[in-house]
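Q: Structure below; questions to follow.
No lab work stands behind these numbers, since they all come straight from the coordinates. Only a predicted model underlies this, so the values are computations on that prediction, with no experimental measurement involved. FYI the Cβ positions are ideal-geometry reconstructions off the backbone, even for glycines, and counts take in every protein chain you see.
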Amino acid sequence: MAASVLANLRHGGVSTASELAAIEGLQTQSLTRVLNELEEQDEVAAADVTAGGGPEGAATQAPGAASAL
């Protein structure tokens, strides 16, 4: 599953956990676990992109993608 998430990030760029979950056909909570593991491995980066923060605000990006977090 992690490989699919990384492929979607490389292809689509920055996405919220909800957007990625919809693409992957998963619940946001399930995908968040995968994203946390990938972040610990320095495969993705997360940023608070909303004032409220939380999973909806967590943008993720694979290293080497075009835009900066």
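Q: Please grab the % of Cα pairs in region 1-40 that end up more than 11 Å from each other.
A: In whole percent, the long-distance tail amounts to 59.
Q: Counting only residues 5 or more places away or on other chains, whose amide H sits under 5 Å from the amide H of residue 15 once H atoms are built in the peptide plane?
A: Amide H to amide H, under 5 Å and 5 or more residues apart or across chains, residue 15 pairs with 60.
Q: Could I ask something else about it? Net charge near residue 35: determine it from the other residues with C-beta under 11 Å of the C-beta of residue 35, scoring Lys and Arg +1 and Asp and Glu -1.
A: Computed value for this residue: -4.
Q: Next up: Please compute the length gained on full extension between residue 43 and residue 24, using 0.36 nm multiplied by the number of residues separating them and subtracting their Cα-Cα distance.
A: Length gained between residue 43 and residue 24: 5.1 nm.
Q: Next question. Scan around residue 46 for amide H atoms under 5 Å from its own, H built in the peptide plane at 1.01 Å from N, and keep only partners 5 or more places away or cross-chain.
A: HN-HN under 5 Å from residue 46: empty list.
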